[in-house]
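Worksheet for the structure shown next.
The values are calculated or read from the model by the stated rules, or taken from the named source; none is laboratory data. It should be emphasised that the depicted structure is a prediction, and the values quoted were computed from it without experimental measurement. All Cβ positions, glycine included, derive from the backbone under ideal geometry; neighbour counts span all protein chains shown. These accessible areas exclude ligands, DNA and RNA; they are computed on the full protein's heavy atoms, side chains included. Shrake-Rupley method; radii C 1.70, N 1.55, O 1.52, S 1.80 Å.
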Amino acid sequence: MVSFNKAAFENSFNTMLMLQEQMERMSRVYVDQATGISAETKNAVNEWTQLYKKGLGDFKAMIDENFKKVESVL
């Protein structure tokens, strides 16, 4: 049961990650091509993207650690 839940999480997380990467590419192209967006706004978008990636990485690490704990207990 734990293996099934872990696989389901991995699949869902990877799908979410692919969607996030696609949105990042689209927003980067939009921001780079838009003429009315200031450098400050571009930097804010890039910072937001980096923070989001860090949050996803931290979340994934926490989930992986907790799956290991559950597997060791069982």
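A few points about this structure:
- Cα gyration tensor, the stretch 1-44 - rounded (a/c under 1.5), prolate or oblate: prolate
- Carbon/sulfur fraction of accessible area - the chain, other protein chains in place, 1.4 Å, %: 62
- The lysines within cross-link reach of K54, meaning a Cα-to-Cα straight distance under 20 Å and a gap of 8 or more places when in the same chain, are K42.
- Per residue accessible area of the stretch 16-74, 1.4 Å probe, in Å²: 81
- Within the chain, helix-based [θ] at 222 nm, where runs of 4 or more DSSP H residues each add -39,500 (n - 2.57), nearest 500: -33000 deg cm²/dmol
- Reach of K60 by Cα under 26 Å, taken over lysines that are not fewer than 8 positions away in the same chain: K6, K68, K69
- The orientation-averaged projected area of the convex hull spanned by the Cα atoms of the chain comes to 5.1 nm².
- Once both labels are positioned 7 Å from their Cα atoms along Cα-to-Cβ, the gap between F59 and Q33 label points is 2.8 nm.
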